[in-house]
Structures are given as structure tokens and as C-alpha cells.
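The values are calculated or read from the model by the stated rules, or taken from the named source; none is laboratory data. Quantities reported herein were computed from a predicted structural model and do not represent experimental measurements. Methodologically, a virtual Cβ is constructed for each residue, glycine included, from the backbone with ideal geometry; neighbour enumeration extends over all protein chains shown. Calculation scope for accessible area: heavy atoms of the full protein, side chains included, ligands and nucleic acids excluded. Shrake-Rupley method; radii C 1.70, N 1.55, O 1.52, S 1.80 Å.
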Amino acid sequence: MSDTVPEAGVPAESAPADPDLPGESVNEPEDDPAAPAPLNVPRTPTGNADVDDRLERLSDADHLATDGHVEVYEDVHGGLRDALTALDARQGPAAPVHRPGPTGR
């Protein structure tokens, strides 16, 4: 039994992995299952430019780690809420007022 303690942070073998040797692999970004990957969710245009811009913003999350999604989702949610509020605030032509006639109808 040896009383020596290996130095922390220094690997036992310091030779780099050779990607040409079988059984050894080098993690490339596209091979990393934890790397961000596009969800490829189709985004159908709505015809409303404000809403379509917000939906397109969702594609920004495709290239972010999961902890970055919250910022994108909150931004999209706020933009969609603003677009709906703007639709509610638009004044259209006044609705016809029903006035009872001489018979009370």
C-alpha cells in the first residue's frame, strides 16, 4: 500500500485522446446529447406582424441552454400580451344602437 496521494486536478495519464484510435472519442458539439438542439416546432404565420415577430423570437431558444429559455419565453409572453392588449384597445366603428320603436321593440 502506498501513502502517496495523487495531486488533485492532474490526470494519471496526460496523453490526449487520439480520435483515430478505436474506442476513444472526442466529444464534438453535435455529438453532445446535452448541447442545445433545435426543437423544429413549426411556426405558422398568423397574419399579425406583432404576433408573428414574437413567435419567430421562440427560435432563439433553439440555440440556448435550458436555463436561457426562461428569458426568451418571458419576452415572447410579454410581447403576445401586449399584442392582445393592443387589439382590445383598437376602436372600430361604433356598434349600432338599438333604439326601441314606437311599439317598444
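Each Lys or Arg adds one and each Asp or Glu subtracts one; over the other residues with Cβ under 15 Å from the Cβ of Pro42, this totals -2. Of the residues Val76, Val51, the one with the largest accessible area comes first in the ranking Val51, Val76, computed with a 1.4 Å probe on protein heavy atoms.
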